[in-house]
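Read through the structure below, which is laid out as C-alpha cells, and then see the notes.
Bear in mind these aren't lab numbers, they're just calculated from the coordinates by the rules spelled out. Quick caveat: nothing in here was measured; it's all calculated off a predicted structure. No Cβ is skipped: glycine too gets one built from the backbone with ideal geometry, and neighbour counts run over all protein chains shown.
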Amino acid sequence: MTNQINSAFASLNDRALVHHSSYISGQFHPGRTGHFAVHNPADGSLLALVAEAGSTETEQAIAAAAAAFSAWSGATAAQRSALLMRWYQLMQQHQHDLARILTLEQGKPLTEAMGEINYGASFVSWFAEEAKRMNGDIIPAAATDQQILVLKQAIGVVAAITPWNFPNAMILRKAAAALAAGCTFVVKPSELTPLSALALAELATRAGIPAGVFNVVTGTDAKAIGQVLTKDSRVAKFSFTGSTPVGKTLLAQCASTVKKVSMELGGNAPFIVFDDADLASAVQGLLAAKFRNAGQTCVCVNRVFVQRPVYDAFLAQLIQATAPLKLANGLETGCQIGPLINQTAVDKIARLLDQALDQGAELLLGGAIDADLGPLFFQPTIITEVTPAMRISQTEIFGPVLCISLFDTEQEVIELANNTPTGLASYFYSRDIGRIFRVAKALHYGMIGINEASISNAAAPFGGVKESGLGREGSSYGLDDFTELKYLCLGGLG
Ligand code: SIN
C-alpha cells in the first residue's frame, strides 16, 4: 500500500504538497478516528489514506477561524492582498504538481487540470486586487445636519463545502473572496478529492497566511460535518457548491442561525443552435461546454436544441467532431476525456441512457463503457429524438452524453429551454443581433453564453437563478457576498 501511495506521487517536484490530514490553525492534525481511502478513478488504485475528521475537528476549525478573525479583518486591505498574492505566486510556481495531484484524484485530463489550477489561482490574484476596492458609500442625508455613511465589513467566519468536480477552483473561488474581504475560512472538501485542498493548505502556510485564517476539514461523515458548519453560531456565512437536493438541506439547516448563504447548485443547461448560427463555431462551443471534465460540470450542456433548417448539417459536423475525441487516463498525452468519478456516476448515466432509448431516443454514437480502458470510462455519446418528457432531459446528467432535439420557432425553444426548475448556465448561437437580445432577455438563467461556451472567469459573476442557487461567486459581486453593509447615521453636523 505504501509503495502504491509513494509511486503515484513519485514524479512530483515537491512531494511535501501531499498531506493526509485536516489543516486546522496552521497545523496538519493527525486523525483520531481512523482513515479513509482516496482512489484514482482512472485505475482504481489507492492514492492515499487520509485522516478522518468529524464534528470535533470541525468545531476546532471553527474555533481557530473565530480566533483569527479579529486580526485578519483588522489588517489593512494591502496586507491581506500581499499575502493572497504570495499564495497565488506559490500556486503558479507549483502548478504542474498541483495539476498532477488533481488529475490523480479526480481523473480529468492533465491539460484540463492545468487549466483548473490557473482558473483557481486567477481568483486569488483577482480578489487580492479587489480587496483594496471594498469601497463603502456616502449617501445624501434626509436632514441637513446629518451624514449617511455605508461601510462594507467582513461578515465573519465563513464555512464552505466544496465538490469533487473542481477540487481546486471551487475552494479558491470562495476562499479568495472571503479572505480578501477579511473573513476567515473553514472548508470541507469532498472526501473523494481532499488532496488538492490539502496542497492548497500547505501553500497557505508557506505564503505566511496566519494560522486559523484558512482551515481544511477532511472526512467522510459529510452529514455530521455539515451539521456543525451550518448550525454553529460562530459561522456567519455558509457557502456550498453541489447538488440542488443537498443544497436545500443545508440551506434549511442554516436557517436555525440565520446565516448568510451562497448556494451554487445544479443546472440543466440548454444549448440552442439557431438557423443563422455559425455552425462550425457552435460545434466547437458544444464540444467545449459538454465534454469539459467528461461532462461533470454544473455548467455543462445538458440539452441541445437545433433549429430544423440546420439540423442535418449541424448533426453531421457534430458527429464528425465528437467521434475522434480521445478517452483515456488523464495522465496520458492527448487525453481529451477522462474517467467518471465513480461507479455511482456510471450507473446513473447508463440508467438515464437506457430509459431514453426505451422511450424512443436514437443512439448515434458511443453509449457504453470502454471496457478496455476500465469500468469508469464512458464513451462520448450522442442521442437524438430526445423529448422533454424523458428523465435524461430533466436530470443533470453529469456525464459525456449529448442529447439532441429539433425545434422550429424561437418562441418554442425559449419555452423548452426554460422548462426546468433550475437556471444556472445556458448557451445559444445566432448571428442576428435582434434575436440575440430577445433570447438573452427571455432565458431564465443566471449566465448566458452567446456564441461563446467558455463563460467562467474570475471577473464574471458566476451563479444561478431558481433552484440553481443564491448569490454570486467571482467579480466584485462575489466579494460583496462576504461582506455586510453597516449604515452609520452621523447627526449633529449643523
Ligand atoms: C462547477 O461545475 O461547479 C463550476 C464550473 C465552473 O466554474 O466553470
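Okay, here's what the table says:
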item: R0 of 30 Å, Cβ-Cβ distance S233-N135: FRET efficiency to nearest 0.05; result: 0.50
item: Label point distance in nm, L365-R15, each placed 7 Å from Cα along Cα→Cβ; result: 4.2 nm
item: Cα-based convex hull volume of the chain per residue, rounded to whole Å³; result: 151 Å³
item: Convex hull volume per residue for region 133-187, taking Cα atoms only, in Å³; result: 100 Å³
item: Extent along principal axes [Cα atoms of region 103-221; Å; largest to smallest]; result: 64, 30, 25
item: Per-residue ³J(HN,Hα) for region 83-90, Karplus 6.51 cos²θ - 1.76 cosθ + 1.60, θ = phi - 60°, Hz, x for Gly and Pro; result: 5, 5, 5, 5, 4, 4, 4, 5
item: Mean Cβ count within 10 Å, highest first, over the residues of peptides 443-452, 230-239; result: 230-239, 443-452
item: Quarter of Cα convex hull surface for region 269-459, i.e. mean projection, nm²; result: 10.8 nm²
item: Inter-probe distance in nm under a simple model that places probes 7 Å from Cα toward Cβ, at D275 and A78; result: 6.2 nm
item: Gyration tensor (alpha-carbon) shape descriptor, region 51-137, a/c threshold 1.5; result: oblate
item: Top positive-direction residue, dipole computed over region 9-154 with Cβ charges, set T33, T56, M91; result: M91
item: Among beta bridges that DSSP assigns inside the chain, antiparallel share in %, nearest 5; result: 40 percent
item: Whole-Å distance, taken between Cα centres, linking region 275-321 and region 211-247; result: 36 Å
